[in-house]
Amino acid sequence: MPCPFGFGRPPAAPASEAPETNAGGTNRRNVLFGLGAGGGALLASLPGREAQAAPAASGLPGVGQTATAENANQRQPFYGRYQSGIVNPRPQFGLTVAFDSLATSRPDLEKLFRLLTTRIAFLTQGGTVEQIDPKFPPLDSGLLGPTVVPRNLTVTMSLGASLFDDRYGLAHSKPKHLMAMQQFPNDELESGLCGGDILLQICSDTSDVNIHALRDIVKQTSALLAVRWKMEGFLPNPNDPSTKNETARNFLGFKDGTANPPSSDAQLMHELVWVKPGNDEPGWAENGSYQAVRLIRMFVERWDRTPLQEQETIFGRAKTSGAPLGYQNETDIPDYAADPRGLKVPLTAHMRLANPRTKEAMATRILRRPFNYSRGADKAGQLDMGLLFICYQADLAKGFIAAQTRLNGEPLEEYIKPFGGGYFFAVPGVQDKDHYLGQGLIESISA
Amino acid sequence: MSFLPRPSLLAGAAFTFLTLGIHAAHADVPVTVTDKGCEPNTLTVPAGTTTFVIQNKSTRLLEWEILNGVMVVDERENIAPGFKQKLTTKLDPGTYAVTCGLIDNPKGKLIVSASAAASAPQKPSAVDLVGPVAEYKVYVMGEVDTLVAQTKVFAAAVKAGDLAKAKQLYAPTRVHYERIEPIAELFSDIDNNVDSRADDHQKKEQDPGFIGFHRIEYALFAQNTTKDMGPIADKLVADVTTLQTRLKTLAIPPGKMAGGAADLIEEVAATKSTGEEDRYSHTDLYDFQANVDGAMKIVELLRPLTLKAAPDLQAKIDGNFKTVDAILAKYKTADGGFETYDKVSDKDRLALKGPVNELAEDLSKLRGALGLN
């Protein structure tokens with residue numbers, strides 16, 4: 001998969017492999033920095049500038065960089081053309097929780113969507129929780145104290161193919177590529193850790209803010225949603241001075257995400273991430289995005305007993321610097337056309353298979369937004385850790401599925417085992433307080 | 001709060017009397033007591049909270065009581081001659097009597113009229129709870145008596161080596177424990193002996209401390225034998241008999257009764273839906289139904305009070321009980337028992353989750369709605 005590996009590009013790496021779209025040769029980051037000083041005119045014409053506002057204002061290049069202390073304690077917008085939690089800078093902590101819907105009718109499902117909208121709007125913007133008669137259970141778990149501070153919390157709702165079965169009569173409104181996640185050859189999927197009608201991706205600067213949001217939603221929606229599976233992840237501390245501004249490393253010790261498309265580039269996101277008119281998708285799906293989630297165990301004990309040169313050959317990059325093999329710098333772009341036999345970067349290297357840098361592959365890149373996970377040990381006493389892989393794309397078939405298909409049989413498979421996850425569709429954003437998440441879908445049937 | 005056995009039920013009820021909050025927001029109602037009786041002799045007040053100002057113009061120490069039949073609704077004691085005292089109390093519509101000094105003096109009349117305030121949601125008074133709690137005590141005793149009787153029959157079958165009969169009696173016997181679990185669990189020593197799972201013990205099934213219903217279940221259904229189960233069956237009979245004895249003297253606090261409905265449904269939500277409890281016999285639906293029955297009994301007894309205090313809550317609770325009951329009914333067998341849990345379709349397992357979770361949420365508000373601690 002392009003997937004397990006690729007967290008994001010470092011700020012020092014302007015969009016070298018992205019099609020250049022900026023005026024005047026300035027790199028995107030500087031354009032974004034200049035937003036307040038007249039640079040806004042450029043973005044103003046691009047779709048989704050509302051949702052882009054937060055990352056732009058903080059001057060961060062995109063999803064790949066973990067949000068740092070400078071923008072901690074902020075709010076991410078809830079209302080906008082797109083849902084938050086996709087292209088804004090990825091905070092240090094993220095979890096995904098999949099639910100089975102318990103709604104018994106379409107009006108019941110609408111009620112659920114409205115309820116989720118209300119909760120997410122509150123949780124992401126924060127506020128003080130009402131104290132009630134102590135003879136009743138309190139309204140809030142209280143684990144953040146009396147005032148809920150959002151700390152860049154985003155809660156992103158996506159829908160699984162199973163929601164479009166015969167229960168709610170939504171079959172005709174199903175996004176075209178949405179389906180149950182198929183089993184790839186190296187997968188060992190556990191059905192209880194796969195799929196789900198609804199998935200929430202919850203991200204913030206602290207794990208307790210995420211848990212608070214999860215507890216709130218589980219309590220408020222318990223009659224309508226049953227938890228199916230959950231996975232929590234985290235990233236290296238973005239404020240550690242020794243690694244600040246570096247691409248985050250995965251649990252195999254490799255920089256992960258160097259080649260991620262810069263998510264602050266609204267035009268590029270428009271091309272790669274968001275569903276647009278003309279995508280041959282149901283109308284309500286416009287401004288949504290396909291989401292692939294994969295739970296990938298890494299066999300770290302075995303990996304740590306593997307010679308370094310083999311590790312590097314498997315990835316196609318130098319472990320320390322992150323540079324493509326045969327190159328000097330992390331951000332150097334490997335010239336595969338000049339290396340058709342793979343003498344520098346092997347033909348089976350993860351990096352090369354995931355993104356062969358052909359014109360077509362470049363036009364169907366996915367936006368990766370993964371987290372590392374660690375959760376105890378297995379019965380053999382080996383550490384259970386790996387990657388909570390999450391990616392977004394406008395076309396699931398050409399995006400994740402095509403990339404993972406290219407990766408089938410890669411040498412890395414010996415060290416990883418995907419065991420869960422699913423395909424989902426992140427619904428469009430909520431325009432304002434008079435609207436709710438998934439409204440377009442509900443109205444596509446009732447209209 | 002710990003619940004020590006109390007000598008009488010009423011003692012328990014009187015205890016909670018003091019804990020009910022009363023809020024003053026109304027005009028004072030004066031009443032004077034002379035050596036002859038009350039002036040005025042008839043008082044009329046709107047339902048809700050009233051403050052009476054009692055002036056003792058008699059020559060004796062006065063105790064002023066509001067009576068509903070023979071039951072004291074509220075009282076003010078030790079009003080010295082020449083002194084005034086206040087009594088603030090919450091009254092439901094109806095006609096009450098008040099005492100007026102000497103026992104021979106004619107009793108006064110207190111008419112409490114329905115008011116706008118009274119038709120608003122009303123939390124019950126302690127007196128309102130006496131009836132439901134007493135009826136619940138009767139229910140609990142009935143269940144524990146049946147539990148003891150049937151456990152004896154079950155134990156006899158185990159000891160006689162009658163495997164088929166023992167298997168047949170296992171689930172229907174346990175039902176009587178599961179119905180009153182929140183009360184039975186107040187005695188943790190007995191609960192550990194009677195209802196612990198293998199997982200509660202370090203060596204699981206092989207642990208000598210693993211006794212009770214589930215140890216016998218393991219022998220009957222997983223090992224297909226009654227071998228060595230005699231002493232464990234005897235101990236089970238002894239334990240449920242001890243439970244019966246202890247329950248006789250237990251005054252059930254109203255808060256514990258109301259909270260018990262939530263406890264039973266939490267039990268269902270946390271364990272019954274996974275088939276964890278009766279993992280060898282797969283008779284989980286018996287326990288499931290028993291927990292639901294136990295919760296419904298409590299809700300039923302409190303219904304008149306809940307309807308006054310929180311009618312919407314009552315309606316939601318009723319709706320979800322009905323849904324759960326209807327799904328469970330699909331798995332009833334001709335002999336009045338249930339199919340094994342593995343027969344329950346994934347769809348029905350999921351369909352049970354919503355109403356069970358909502359019941360757990362709603363029942364968690366029952367104590368608050370009734371103003372109970």
Check your understanding: In this structure, is residue B:325 within 27 Å of residue B:171 (Cβ to Cβ), assigned to a helix (DSSP H, G or I) and more than 11 Å from chain A (Cβ to nearest Cβ)?
Key -> yes
Flagged pairs (Cβ under 6 angstrom, 6 or more apart or on separate chains; first in the range B:120-147, over 22 Å from residue B:175 (Cα atoms); second among the hydroxyl-bearing types (Ser, Thr, Tyr) and part of a helix (DSSP H, G or I)) are B:126/B:16
Qualifying residue in the range A:107-121 (condition: part of a loop (DSSP other than H, G, I, E, B) and either open to solvent by 60 Å² or more (accessible area, probe 1.4 Å) or among the small types (Gly, Ala, Ser) (or both)) = no
(1) acidic (Asp, Glu); (2) part of a helix (DSSP H, G or I); (3) away from chain A (no Cβ under 14 Å) all hold for residue B:358 apart from (3)
Note: among A:359, A:344, just one is of a type in the set (D, E, K, R), out of contact with any Asp or Glu (no Cβ under 9 Å at 6 or more places or on another chain) and open to solvent by 30 Å² or more (accessible area, probe 1.4 Å), namely A:359
Checking B:270, B:329, B:251 in turn, the sole residue that is at pLDDT below 90 and more than 19 Å from residue A:135 (Cα to Cα) turns out to be B:270
Going through the range A:249-285 in order, the residues found to be closer than 27 Å to residue A:170 by Cα, hydrophobic (A, V, I, L, M, F, W, C) and assigned to a loop (DSSP other than H, G, I, E, B) are A:273, A:274, A:275
Practice problem: Answer yes or no: is there a residue in the range A:179-196 that is under 30 Å from residue B:363 (Cα atoms), loosely packed, with under 13 Cβ neighbours inside 10 Å and either touching a Cys at 6+ places or on another chain (Cβ under 6 Å) or within 14 Å of another protein chain (Cβ to nearest Cβ) (or both). | Solution: yes
Suppose the filter is open to solvent by less than 60 Å² (accessible area, probe 1.4 Å) and either within 30 Å of residue B:92 (Cα to Cα) or acidic (Asp, Glu) (or both); does residue B:294 pass it? yes
Quiz item: Could we say that residue B:173 is touching a His at 6+ places or on another chain (Cβ under 6 Å) and either under 30 Å from residue B:233 (Cα atoms) or in contact (Cβ under 8 Å) with a residue 40 or more places away in the chain (or both) here?
Solution: no
Given (1) touching a Phe, Trp or Tyr at 6+ places or on another chain (Cβ under 9 Å); (2) on the phi < 0 side of the Ramachandran plot, residue B:308 misses just (1)
Exactly one of A:205, A:216 is crowded, with 17+ Cβ neighbours inside 10 Å, among the acidic types (Asp, Glu) and touching a Pro at 6+ places or on another chain (Cβ under 9 Å), and that one is A:205
Does residue A:178 qualify as being within 19 Å of the chain's Cα centre (by Cα), farther than 19 Å from residue A:443 by Cβ and touching a residue at least 40 places away in the same chain (Cβ under 8 Å)?
no
Yes/no for residue B:293 being touching a helix residue (DSSP H, G or I) at 6+ places or on another chain (Cβ under 6 Å), closer than 15 Å to residue B:140 by Cβ and modelled with pLDDT under 95: no
Selection from the range B:336-355 of residues open to solvent by 40 Å² or more (accessible area, probe 1.4 Å) and within 9 Å of chain A (Cβ to nearest Cβ) yields B:350, B:351, B:353
For residue A:341, the lone unmet condition from (1) out of contact with any helix residue (DSSP H, G or I) (no Cβ under 9 Å at 6 or more places or on another chain); (2) not in a loop (DSSP other than H, G, I, E, B) is (2)
Restricting the range A:82-106 to residues that are small (Gly, Ala, Ser), away from every other protein chain (no Cβ under 14 Å) and outside any strand (DSSP E or B), the one surrounded by the fewest Cβ atoms within 10 Å (Cβ to Cβ) turns out to be A:84
For the range B:198-226, the count of residues that are among the charged types (D, E, K, R) and either on the phi > 0 side of the Ramachandran plot or in contact (Cβ under 8 Å) with a residue 60 or more places away in the chain (or both) equals 2
Filtering the range B:272-288 down to residues that are open to solvent by less than 20 Å² (accessible area, probe 1.4 Å) and in a helix (DSSP H, G or I) yields B:272, B:284, B:285, B:287, B:288
Considering residues that are over 19 Å from residue B:28 (Cα atoms) and charged (D, E, K, R), the number found within the range B:64-108 is 2
State whether one or more residues within the range A:138-147 are part of a strand (DSSP E or B), under 20 Å from residue A:211 (Cβ atoms) and at pLDDT below 95. yes
Filter the range A:275-320 for residues that are open to solvent by 40 Å² or more (accessible area, probe 1.4 Å) and among the hydrophobic types (A, V, I, L, M, F, W, C); the one that is farthest from residue A:259 (Cα to Cα) is A:299
Does residue A:422 meet the test of being over 24 Å from residue A:247 (Cβ atoms) and open to solvent by 10 Å² or more (accessible area, probe 1.4 Å)?
no
**OP:** Tell me, please, whether a residue that is open to solvent by 10 Å² or more (accessible area, probe 1.4 Å), more than 14 Å from every other protein chain (Cβ to nearest Cβ) and assigned to a loop (DSSP other than H, G, I, E, B) can be found in the range A:150-160.
**Re:** yes
Within the range A:382-438, the residues that are closer than 25 Å to residue A:80 by Cβ and part of a helix (DSSP H, G or I) are A:399, A:400
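The values are calculated or read from the model by the stated rules, or taken from the named source; none is laboratory data. Please read these numbers as outputs of a predicted model, since none were measured by experiment. For neighbour counting, all protein chains shown are included, and Cβ atoms are generated from backbone atoms with ideal geometry for every residue, glycine included. To get the accessible areas, we keep the full protein, side chains included, count just its heavy atoms, and leave off ligands, DNA and RNA. Shrake-Rupley method; radii C 1.70, N 1.55, O 1.52, S 1.80 Å.
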